[in-house]
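These notes are about the structure you will find just below.
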Amino acid sequence: MKWNEVQTEGSGGRTFVVVADQGDEAFAMLSDFAREQGLSGAQITAVGAFTDATVGWYDRERQEYRRNEVDEQCEVLSLVGDVALSDGEPQVHVHAVLGLSDGTVRGGHLLSGHVWPTLEVIVRETPVALRKTSRPDVGLALIDLDRTTT
Amino acid sequence: MKWNEVQTEGSGGRTFVVVADQGDEAFAMLSDFAREQGLSGAQITAVGAFTDATVGWYDRERQEYRRNEVDEQCEVLSLVGDVALSDGEPQVHVHAVLGLSDGTVRGGHLLSGHVWPTLEVIVRETPVALRKTSRPDVGLALIDLDRTTT
Amino acid sequence: MKWNEVQTEGSGGRTFVVVADQGDEAFAMLSDFAREQGLSGAQITAVGAFTDATVGWYDRERQEYRRNEVDEQCEVLSLVGDVALSDGEPQVHVHAVLGLSDGTVRGGHLLSGHVWPTLEVIVRETPVALRKTSRPDVGLALIDLDRTTT
């Protein structure tokens, strides 16, 4: 067991409040936002609701996401994740927990979700840039703290 | 697709740690706290446990929350949301994910939840005041970033 | 209903980004991290995936956690909680929400979870030290804000 860590003391970084419009596709919206703001590292937290969503479960054998469709109005109970640079571009990585009409819950890696009536997002920059390295053994690019820069 | 955003750099804002007493009703407690501290914008995150809770799913047709009762001791796996001003008063908006005794999960918009043995809450002020505008088309007041002030 | 609260204005505190290695056991890793960094109060948020996990539901009668096993690859949809001092040592308290291959969800108090392929963790120090007091009536040590110090 080991870890890497980066730290700064009280360095700040920007905090954004982002509110989606009705009909926005959340993943695309967050990705566009990250690109336009030039985010190189950030934490994302959100609540709201979707009319429908597609969430993924990563299939280790196939090296791709299995797509689970949630084809009904659902509360976004949490949307948690981060932004890191992959090949120089900000990549959004968020996981969604969705509450259905009977109080049961679905969730996964957010592939897409259409907002209604709102999605209230807090984006906090991390004090350092986060970078991903492609990992052919996994089939994904993962955050690589050896490549972190302030 | 579009968005609004507000930002400040390292402006701070207060961070509170709030711990509920046994038997406290969490939504009322958070609402009282927001009012007494005069919060005009904040992010809420919590974990703990409830003896029982009522969570909502917003019914778009009826323009009201369907109430789902969780009448058993449950772990509060996450309580995520925010505080914004609605008609000048702080309004708490949090979504709950609840873990039952067999590891299955329920959740929704938090209407009420009774704490036992604890609820550990972090409240972080946003650098700007958040304001809601009543939306008769939706049946709710939603955060309106055009009305945001620093 | 009542509460205690602690606050500081813009005091900062360190923010850490921690990325687990494949095969790390997440609870032990976070506990080691907290000890090595001398954390006396912090908020933890993470996403990633586990190959397997054990989550707990606190049984009030038995005063112990019922163990629910999740013996399959699962997305860590959220891992939320905190660090506080218990008998002078940092104690990690995190709750996990786990997404299965079909999009259904399990969760509870994190007892253990093995990471694959990654776990991306943000740790933010609270502006004050948090201390727990043993509560024989509950069978657990709980955060006691009367013992908080800056």
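General remarks:
- When the Gaussian network model of chain B links Cα atoms closer than 10 Å, the mean-square fluctuations of B:L110, B:L39, B:L140 top out at B:L140.
- Label point 7 Å beyond Cα along the C-beta direction, distances from A:D146 to other copies (nm, shortest first): 5.2, 5.2
- For the chain pair B and A, the buried solvent-accessible surface (1.4 Å probe, both sides summed) amounts to about 3500 Å².
- Using a 7 Å Cα-to-Cβ projection, B:A28 label spacings across copies, nm, ascending: 4.5, 4.5
- For the stretch A:14-150, the fraction of alpha-carbon pairs in successive 10 Å shells from zero, as %: 13, 41, 33, 12, 1
- Computed with the Debye formula from one identical point scatterer per Cα of the protein assembly as shown, without solvent, the log10 of I(q)/I(0) at q = 0.09 Å⁻¹ comes to -0.50.
- Of all accessible heavy-atom area on the stretch C:2-147, the percent that carbon and sulfur account for (1.4 Å): 38
- Helix B:26-36 axis, angle to chain B major axis (alpha carbon atoms, nearest 10°): 30
The values are calculated or read from the model by the stated rules, or taken from the named source; none is laboratory data. Computed from a predicted model, the values in this text were never measured in an experiment. Cβ: placed from backbone, ideal geometry, glycine included. Neighbour counts: every protein chain shown. Areas reflect the complete protein model, heavy atoms only, side chains present, ligands, DNA and RNA absent. Shrake-Rupley method; radii C 1.70, N 1.55, O 1.52, S 1.80 Å.
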